[in-house]
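Encoded as C-alpha cells, the structure appears first; notes follow it.
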Amino acid sequence: MTTPPDLTCDELLTTTRAVRRGLDETRPVDLELVKECLRIALQAPNGSNRQSWRWIVLTDPALRARVSDVYRRAFHDRTGPALERLDGAEPSARRMLTDARDLAERLHRIPVLVIPCLELDDERLPEGNQAGVWSSLLPAAWSYALAARSRGLATAWTTVHLDREGEVAELLGLPPTVRQGGLLPTAHSLRTGFRPGPRLPLEEVLHVDGWNGEILSEARP
C-alpha cells in the first residue's frame, strides 16, 4: 500500500493539482477512504449552514462508462476545433489539451467518480447572485480534493460534462431540484511528487483599495 504523503498545510495547499494522466486505473479505491474524505469536506463553509450539498459517488463500471460517454461527447463538442489545431498550439496549451483528451478517453476506467451537487428549493437556479449559490458547494468540493491528496489519492476537478448536465442527471436519476457542480475523478496517484503550478505573480493580480488603487508591481521603487 502506498504511504500517504507527509505534507505540511502549505505543501498540501500549493501542490494539490488536477491530475489527468497520473491516475491509477488498475488499483481499486476503498469506498471507505472516499467517505473519509467526504466527511472532512462536510466541514466546509456553506450558506446559513443549510448543508444543501449532495454527493454522488460512482463506482459501478457500467454506470461510470455511461457517464464517461456523455463526458467524452461534451469534451469533443467543446474542444474539437482546438484539437484540430493542436500541432500549431504553444507547448503549454498543447500539453493541457492532450492531457485533457487523455482523461476524456479513459475516464470510464478511473475507479471512482465523485459528482458534488446542490439540492435547491426550485427546479431553476435562482437569478442573480450565482456566487452565493455555488459558494455553498465548491469549497466543500475542494476540501474533498485536499483530503484525497493527503491520503495518497489524486483528483482532477472538471466541469466539462455540465455542457450536457441533463443527460447525466437522467442517467443518475437526479430530481429536477438537484444541480451538479462538477466532477472529480478519483484514483490512487501514479506520481509521488507534485510541485506548485505556474501562476502569475501576486503583484500582477492584486489591487489594493479598489480596482484603480495601488498595484504592487507599480508600487515597487
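The values are calculated or read from the model by the stated rules, or taken from the named source; none is laboratory data. Note that the structure is a prediction, hence the values are computed from the model and not measured. Ideal geometry is used to build each Cβ from the backbone, glycine not excepted, and the neighbour counts take in all protein chains shown. Note: areas computed on protein heavy atoms with side chains; ligands, DNA, RNA excluded. Shrake-Rupley method; radii C 1.70, N 1.55, O 1.52, S 1.80 Å.
Assessment of the range 138-153 against the conditions (open to solvent by 20 Å² or more (accessible area, probe 1.4 Å), touching a residue at least 12 places away in the same chain (Cβ under 8 Å), of a type in the set (S, T, N, Q) and assigned to a loop (DSSP other than H, G, I, E, B)) yields no matching residue.
Among the residues of the range 184-215 satisfying the criterion of being in contact with a strand residue (DSSP E or B) (Cβ under 9 Å, 6 or more places away or on another chain) and in a helix (DSSP H, G or I), which is surrounded by the most Cβ atoms within 10 Å (Cβ to Cβ)? Looking at the filtered set, the residue picked out is Glu203.
For the range 158-170, the condition of being closer than 20 Å to Ala100 by Cβ, part of a loop (DSSP other than H, G, I, E, B), under 18 Å from the mean Cα position of the chain (by Cα) and of a type in the set (S, T, N, Q) holds for at least one residue. Among residues of the range 1-19 that are of a type in the set (S, T, N, Q), those with a beta-carbon under 6 Å from a residue that is at pLDDT below 90 at least six positions away or on a different chain give the pairs Thr15/Phe194. Every test in (1) within 30 Å of Thr177 (Cα to Cα); (2) surrounded by 13 or more Cβ atoms within 10 Å (Cβ to Cβ) is passed by Gly132 save one, and that test is (2).
Which residues, counting only those in the range 62-77, are surrounded by fewer than 19 Cβ atoms within 10 Å (Cβ to Cβ) and either touching a residue at least 24 places away in the same chain (Cβ under 8 Å) or within 11 Å of His161 (Cα to Cα) (or both)? Listed by number, the residues that qualify are Leu63, Ala65, Arg66, Asp69, Arg73, His76, Asp77. Counting only residues that are assigned to a helix (DSSP H, G or I) and within 19 Å of Val168 (Cβ to Cβ), the range 41-70 holds 10 of them. Would you check if Thr14 is over 30 Å from Arg164 (Cα atoms) and either in contact with a Pro (Cβ under 6 Å, 6 or more places away or on another chain) or at pLDDT 95 or above (or both)? It is true that Thr14 is over 30 Å from Arg164 (Cα atoms) and either in contact with a Pro (Cβ under 6 Å, 6 or more places away or on another chain) or at pLDDT 95 or above (or both).
Glu36: surrounded by fewer than 13 Cβ atoms within 10 Å (Cβ to Cβ) and outside any loop (DSSP other than H, G, I, E, B), yes or no? Here the answer is no, as Glu36 does not meet what is asked.
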